[in-house]
Amino acid sequence: MKNIRFIFAAFTLLFVFSQVNAQETSTSINNVVIAYYGVKNALTADNSTAAQSSAKVLMNAIAAVPMDKMTADQHNAWMAYTDKLQYDSRHISENGALDHQREHFSSLSKNLYEVLKGLKINTTTIYEQYCPMKKATWLSETAAIKNPYYGNQMLSCGKTTETIAPVNK
């Protein structure tokens, strides 16, 4: 009987620990997504200074992701893209030219999309949207099209190509 209680207690603790780790990982990835939206919204507004500032926040959010709290599959998905995400964020933060920022934003968007699809822990709906003129995608928190590649020049140019539903745990 003592063995059964011990095993039950061990499984309960393991379950609670795994739920805490999952919550920490989800929260940190949510912070990355929010910071990414800051970059996207700055580019949409043609504001290179705000894009630089938001990219610095994004770099910090990426660095703060607790990889030790991830499952093995999540860790592999994150590790496949973390350097690429940091690279593009750094370039956006260091260069004030909108065209250069938008070039790196394209790669940043593609890589973040792959990470989010691989991790499967987003807590909000994420819209993948496509600019046919740039032939590039971006992620958005809303279904409304606000094109970060052309800003005020072609603000509503594009379409939603995929919706990533929030994961219920």
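The values are calculated or read from the model by the stated rules, or taken from the named source; none is laboratory data. All values reported here derive from a predicted model rather than from experimental measurement. Quick reminder, even Gly has a Cβ in these numbers, built from the backbone with ideal geometry, and neighbours come from all protein chains shown.
Of all residue pairs spaced 6 or more apart or on separate chains, those with beta-carbon atoms under 7 Å, a first member in the range 67-95 that is farther than 16 Å from Ala51 by Cβ and a second member that is aliphatic (A, V, I, L, M) and not in a helix (DSSP H, G or I) are Trp78/Val65; Trp78/Met70.
Applying the criterion of being among the hydroxyl-bearing types (Ser, Thr, Tyr) and assigned to a loop (DSSP other than H, G, I, E, B) to the residues of the range 96-144, the residue that is modelled with the lowest pLDDT is Thr123. Identify, by number, the condition in (1) free of Cβ contacts under 8 Å to residues at least 40 places away in the same chain; (2) surrounded by 17 or more Cβ atoms within 10 Å (Cβ to Cβ) that Ser107 doesn't meet. Only one criterion is unmet by Ser107, namely (2).
Where helices (runs of 4 or more DSSP H) sit wholly within the range 35-95, those with at least 3 residues that are closer than 17 Å to Lys120 by Cα and over 12 Å from the mean Cα position of the chain (by Cα) occupy 72-79. Being touching a Phe, Trp or Tyr at 6+ places or on another chain (Cβ under 6 Å), of a type in the set (D, E, K, R) and modelled with pLDDT of 95 or more is the requirement here; does Arg90 meet it? Criteria not met by Arg90.
Is it fair to say Tyr149 is out of contact with any Leu (no Cβ under 6 Å at 6 or more places or on another chain), of a type in the set (Phe, Trp, Tyr), in contact (Cβ under 8 Å) with a residue 24 or more places away in the chain and not in a strand (DSSP E or B)? Taking the combined requirement at face value, the residue satisfies it.
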